[in-house]
1. What do you reckon, is residue 40 assigned to a loop (DSSP other than H, G, I, E, B), at negative phi and at pLDDT 95 or above?
2. Against the conditions (1) touching a Pro at 6+ places or on another chain (Cβ under 7 Å); (2) open to solvent by less than 30 Å² (accessible area, probe 1.4 Å), where does residue 213 fall short? Just the number, please.
3. Which condition from (1) within 24 Å of residue 51 (Cβ to Cβ); (2) without any contact (Cβ under 8 Å) to a residue 60 or more places away in the chain is the one that residue 91 breaks?
4. Taking the condition at pLDDT 95 or above, under 19 Å from residue 204 (Cα atoms) and surrounded by fewer than 16 Cβ atoms within 10 Å (Cβ to Cβ), does residue 11 pass?
5. Can you tell me which residues in segment 99-132 are among the small types (Gly, Ala, Ser) and either closer than 19 Å to residue 77 by Cα or surrounded by 16 or more Cβ atoms within 10 Å (Cβ to Cβ) (or both)?
6. Hey, could you check segment 47-62 for residues that are more than 11 Å from residue 6 (Cα to Cα) and in contact with a strand residue (DSSP E or B) (Cβ under 8 Å, 6 or more places away or on another chain) and say which is modelled with the lowest pLDDT?
7. Can you go through 86, 21, 61, 79 and tell me which one is within 16 Å of residue 118 (Cα to Cα), open to solvent by 10 Å² or more (accessible area, probe 1.4 Å), more than 16 Å from the ligand (Cβ to nearest atom) and touching a residue at least 24 places away in the same chain (Cβ under 8 Å)?
Amino acid sequence: MAVTAFDYPSAHYASRAGIDLILVGDSLGNTVLGFETTVPVTLDMMVHHSAAVNRAAPEALVVTDIPFGEAHRDFDRLLASSMRCLQEAGSGAVKIEGGESMADRIAALVGAGVPVLGHIGLLPQQVLRLGGYRKFGKTPEERKQLLTDARAVERAGAFAVVAEMVDADCARELAGTLKIPLIGIGAGPDCDGQILVSYDLLGLNPEQSPSFARRFGDLGPAMEEAFRRYAGEVRDGRFPERKE
Ligand code: KIV
């Protein structure tokens with residue numbers, strides 16, 4: 001199973017908890033950096049945060065998301081960006097959003113020695129074009145396209161594929177069709193693996209988390225309480241004591 005992580009401590013604790021794959025997702029933009037979407041996230045930001053995650057030396061495979069626009073530039077640029085993720089940040093693989101239309105590029109990256117995680121269904125980097133986030137694979141046309149996307153990414157050599165906000169029945173069909181693992185997020189229980197954005201599952205998202213993201217912790221209120229106690233104890237002179 002997989003989670004996103006964006007910094008040293010979360011990678012450390014995710015690794016200790018036995019997480020298999022850590023994605024330094026470009027959801028970094030919404031969750032850590034306060035942007036409304038993932039679109040403003042740059043390659044430099046991804047490399048910076050991925051390096052911090054890798055410094056925690058997690059046993060999990062660390063995958064860096066190729067951010068908005070990078071995968072659509074010329075192939076040499078995409079290869080150079082992917083190499084930065086592997087060489088400079090120390091990640092073990094990159095993730096690329098897109099199915100059939102990205103298959104040739106994925107195949108060329110894999111051919112150059114870059115392990116690639118695919119991503120189909122909702123593509124958050126397309127949010128400006130889509131006009132919002134929604135579920136995919138409910139209509140026969142979308143189902144057919146998702147199958148085409150999944151097969152194309154598999155054929156291109158991706159080692160696994162993320163299916164985001166895909167109708168649960170469609171995701172089951174995809175998982176049954178593919179030989180590589182299908183990792184679901186908002187895609188029902190029949191995928192081979194699951195991924196969640198860590199800040200959603202930890203309860204650290206001050207905005208509303210997506211409806212599919214179950215909250216397994218409540219760190220936001222715990223953080224607020226710790227800050228409140230600290231501020232109170234400083235104000236009334238109980239912190240620090242001499243020994244502190
Ligand atoms: O950026 C991200 O966190 C992701 C996950 C939602 C899979 O792509």
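1. On the way: assigned to a loop (DSSP other than H, G, I, E, B): yes; at negative phi: yes; at pLDDT 95 or above: yes.
Against the criterion (assigned to a loop (DSSP other than H, G, I, E, B), at negative phi and at pLDDT 95 or above), residue 40 qualifies.
2. (1)
3. With respect to (1) within 24 Å of residue 51 (Cβ to Cβ); (2) without any contact (Cβ under 8 Å) to a residue 60 or more places away in the chain, residue 91 is out only on (2).
4. On the way: at pLDDT 95 or above: yes; under 19 Å from residue 204 (Cα atoms): yes; surrounded by fewer than 16 Cβ atoms within 10 Å (Cβ to Cβ): no.
It is false that residue 11 is at pLDDT 95 or above, under 19 Å from residue 204 (Cα atoms) and surrounded by fewer than 16 Cβ atoms within 10 Å (Cβ to Cβ).
5. First pass over segment 99-132, keeping only residues among the small types (Gly, Ala, Ser): 99, 101, 103, 107-108, 111-113, 118, 121, 131-132.
Scanning segment 99-132 gives 99, 101, 103, 107, 108, 111, 112, 113, 118, 121.
6. Among them, the one singled out is 58.
7. On the way: 86 fails: within 16 Å of residue 118 (Cα to Cα); 21 fails: more than 16 Å from the ligand (Cβ to nearest atom); 61 fails: more than 16 Å from the ligand (Cβ to nearest atom).
Exactly one residue qualifies, and that residue is 79.
Table: residues versus (1) closer than 30 Å to residue 77 by Cβ; (2) open to solvent by less than 10 Å² (accessible area, probe 1.4 Å).
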{"residue": "151", "(1), (2)": "yes, no"}
{"residue": "170", "(1), (2)": "no, yes"}
{"residue": "183", "(1), (2)": "yes, no"}
{"residue": "202", "(1), (2)": "no, no"}
{"residue": "225", "(1), (2)": "no, no"}
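The values are calculated or read from the model by the stated rules, or taken from the named source; none is laboratory data. Remember, predicted model here, so these are calculated numbers, not experimental data. Positions of Cβ are generated from backbone atoms using ideal geometry, with glycine treated the same way; all protein chains shown enter the neighbour counts. We work out accessible area using only protein heavy atoms, side chains counted, and drop any ligands, DNA or RNA first. Shrake-Rupley method; radii C 1.70, N 1.55, O 1.52, S 1.80 Å.
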